[in-house]
1. Does a label point 7 Å from the Cα of E116, set along Cα-to-beta-carbon, have any residues of segment 163-179 with amide nitrogen under 18 Å, and which are they?
2. Once you have the Cα-Cα distance between R254 and A194, take 0.36 nm times their residue separation minus that, and quote the gain in nm to one decimal.
3. Near the amide H of E170, under 5 Å away, which other amide H atoms are found, from residues 5 or more places off or on another chain, if H is placed in the peptide plane?
4. Which of K144/K341; K129/K341; K59/K180 have a Cα-Cα distance over 32 Å?
5. Provide Rg over Rh for segment 250-320; use the alpha carbon set for both Rg and the Kirkwood Rh (inverse mean inverse pair distance).
6. So what's the back-of-envelope 222 nm ellipticity for the chain, counting only DSSP H runs of four-plus at -39500 (n - 2.57) apiece and dividing by all residues, rounded to 500?
7. May I ask you to list the GluC sites (Glu not before Pro) in segment 38-99 that are in a DSSP loop and have at most 16 other Cβ atoms within 10 Å of their Cβ?
8. Once you have the Cα-Cα distance between T326 and D148, take 0.36 nm times their residue separation minus that, and quote the gain in nm to one decimal.
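The values are calculated or read from the model by the stated rules, or taken from the named source; none is laboratory data. Note that this is a predicted model, so its numbers are computed, not measured. Quick reminder, even Gly has a Cβ in these numbers, built from the backbone with ideal geometry, and neighbours come from all protein chains shown. What goes into the accessible areas is simple: the full protein's heavy atoms, side chains included, and nothing from ligands, DNA or RNA. Shrake-Rupley method; radii C 1.70, N 1.55, O 1.52, S 1.80 Å.
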Amino acid sequence: MTAETEGTKRTRIYQAGGSFYRGDTLNLAPRRKDLESETAIPNLILKGWMPEAPFIGPKSNIIAFGSCFASNIGKYMQNLGYDIATAREGKAYIQMIADGLVNVFAIAQQFEWAWENRTPTVELWHGWKAEEFGYDEEVRLATKELFDSADVFVLTFGLSEIWYDEPTGETFWRAVPENKFDKSRHKFRVATYAETAERLQRIYDLIRKHRPSATIIYTLSPIGLAATFRDVSCVAANAVSKALLRAGIDEVHRTASDPNFFYFPAYEIVLNAFKTPFVEDLRHPHFHVIDANMKAFERYFCTTGMTDADLQREIRAALDLDLAVTLGDRKDYQHVLTGLKDRWLTMGRAPTAVSNMKDKRTRAQEKHEERRQKIRDQRREAKRALDAGEATAG
């Protein structure tokens, strides 16, 4: 990353007004025009957070799990040919549901269970369809084996709203299955900052205890709450949820002073580098935004040989697509957007699954074209009838 020159910095300070001492280190907030440059993400968002040189190689054993944004990192690196242990088929729950553990308690549970043999006393873990995931010893040992051999842990944290079992205080992965809900004991609350920071610290300490040489990378998912269980707006509740996590991550990272412990600002890239980062649900980023994020991760962490110039070209392309989306001018870029979406949806999938997905998409397109053709035929028929009626009347 190219540092801002001292002269440029002084000019900006002067323009902003300099009547107070500003310390030995000063990084001013960017303006909108600053963020339109292909160098903005490296210089204005990633600055100070990245390693001195890439170090994750194709033979590195990588664990990536947590919130759903973790799956993007896993799929992207797997597509580069990297060994993502959590993307392999296996018995460990973090292989079956790697992107479904969304709070700090759920993620910490996996480390405490695998390494400390600490098992919850009530049923807490459920899959995407609310199926029960028990505390099978064979699964625990499989999880321990993954952790024991990991070179890099990439952990993505998602939200601070939790459902818990009141008598034990133990936390669910996400919510409580409807057919298991017991109003007398299953409660909802927002995690406090203190316990959020404590759980983040606990995760870090366990990895350092059992895998002292491993690299740890914390990330915060930019994907917001789909709903809140609080009696307030979801928008405001989401701001609180992310703030608790971001502050906790920063405190643990800042106080660790560990050269093998990093924070990757995926959250900040999505929210600040693009004018229209999210699709219509205002939660999930556009694929070109995800792509720019992953390219930045590759440039600074992975030994693929990506250069600053390569990254800037990728960012420029993403910013151009962002502008097209913002202006609603998708005509010239629709094929690029569609291609990116297809690439991400098929990334990390088996060839058969990709083929089935493409066949399904083709059938849907054919049905859509059939409906459009039917409408065109109906309109032509209606016009012929109208013309015939006018001729008869004449």
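1. 165, 168-173
2. 20.0 nm
3. Close amide H contacts, sequence-distant or interchain: D165.
4. K144/K341; K59/K180
5. Reported Rg/Rh, Kirkwood definition of Rh: 1.03.
6. -16000 deg cm²/dmol
7. Passing both the DSSP loop test and the Cβ count: E52, E89.
8. Once the chain is fully extended between T326 and D148, it gains 59.5 nm.
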